[in-house]
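Here's the structure, in structure tokens; my notes come after.
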Amino acid sequence: MRSDVVESGRVKPSVRDALESTFMHGNPWGRVREKRSDWLGDLQITVLKEGDKTELLTFICCTAAYDPRVQELSRSMVTVLQKTGIDFSILGNEESCCTNEMNELGEKGLFEMAQEKNKESFGKFSFPMMI
């Protein structure tokens, strides 16, 4: 039923804009991909490059990357992981939206497209664990 509403276009403008932005920019926030890692500030963390290996891939969702109200949580998580000494990395600007919210809204096509894109991205790296 949700997918019928989305497909018919009978959604709030804010929902429509988030869907379009996710399709166009890879995130519902309408932000450019090149700014996705700005949340790091002065934190030092390894950003994986194609072929790199890491013990733990840390996937930072769109909200945690772009929403200033949540960015502190991302920075705190990095600080905690650094204190554990575990080898962890992020994809940085290469990350795409997980589209969990799009799936919940019933936008299956966008969700499936993002799943494939993320699988392709993850396949460029070697990591046994991801959070």
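The values are calculated or read from the model by the stated rules, or taken from the named source; none is laboratory data. The model shown is predicted, which means the values in this text are computed figures rather than measured ones. Backbone-built Cβ (ideal geometry, glycine too); neighbour counts: all protein chains shown.
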Are there any pairs, at least 6 apart or on different chains, whose C-beta atoms fall under 8 Å, with the first in the stretch 40-66 and surrounded by 19 or more Cβ atoms within 10 Å (Cβ to Cβ) and the second in a loop (DSSP other than H, G, I, E, B) and hydroxyl-bearing (Ser, Thr, Tyr), and if so, which?
LEU48/THR54
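State whether one or more residues within the stretch 43-58 are within 27 Å of PHE125 (Cα to Cα) and touching a His at 6+ places or on another chain (Cβ under 8 Å). Show your work before the answer.
Of the residues in the stretch 43-58, the ones within 27 Å of PHE125 (Cα to Cα) are 43-58.
Checking which are touching a His at 6+ places or on another chain (Cβ under 8 Å) leaves us with none.
No, there is no match, as no residue in the stretch 43-58 is within 27 Å of PHE125 (Cα to Cα) and touching a His at 6+ places or on another chain (Cβ under 8 Å).
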Just to be sure I understand the filter: pairs with C-beta atoms under 8 Å, separated by 6 or more residues or on different chains, first member in the stretch 14-27 and under 19 Å from ASN118 (Cα atoms) and at pLDDT 85 or above, second member assigned to a helix (DSSP H, G or I) and polar (S, T, N, Q). Which pairs pass?
ASN27/SER21
Selection within the stretch 76-99 - modelled with pLDDT under 95 and touching a Phe, Trp or Tyr at 6+ places or on another chain (Cβ under 8 Å):
LEU91, GLU95, CYS98, THR99
Name every residue in the stretch 86-111 that is part of a helix (DSSP H, G or I) and among the aromatic types (Phe, Trp, Tyr), in order of residue number.
PHE111
If you check GLU34 against the conditions, is it loosely packed, with under 15 Cβ neighbours inside 10 Å, more than 18 Å from GLU120 (Cα to Cα) and either modelled with pLDDT of 95 or more or out of contact with any Leu (no Cβ under 9 Å at 6 or more places or on another chain) (or both)?
yes
Is there a residue being farther than 19 Å from ARG36 by Cβ, buried (at least 18 other Cβ atoms within 10 Å of the Cβ) and over 13 Å from the mean Cα position of the chain (by Cα) anywhere in the stretch 98-117?
yes
Considering only residues that are of a type outside the set (A, V, I, L, M, F, W, C) and either in contact with a Ser or Thr (Cβ under 7 Å, 6 or more places away or on another chain) or at pLDDT 95 or above (or both), which ones fall in the stretch 53-65?
LYS53, THR54, GLU55, THR58
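Please pick out the residue among LYS49, LYS117, LYS83, LYS35 that is out of contact with any Cys (no Cβ under 6 Å at 6 or more places or on another chain), assigned to a loop (DSSP other than H, G, I, E, B) and not aliphatic (A, V, I, L, M).
After ruling out the rest, the residue left standing is LYS49.
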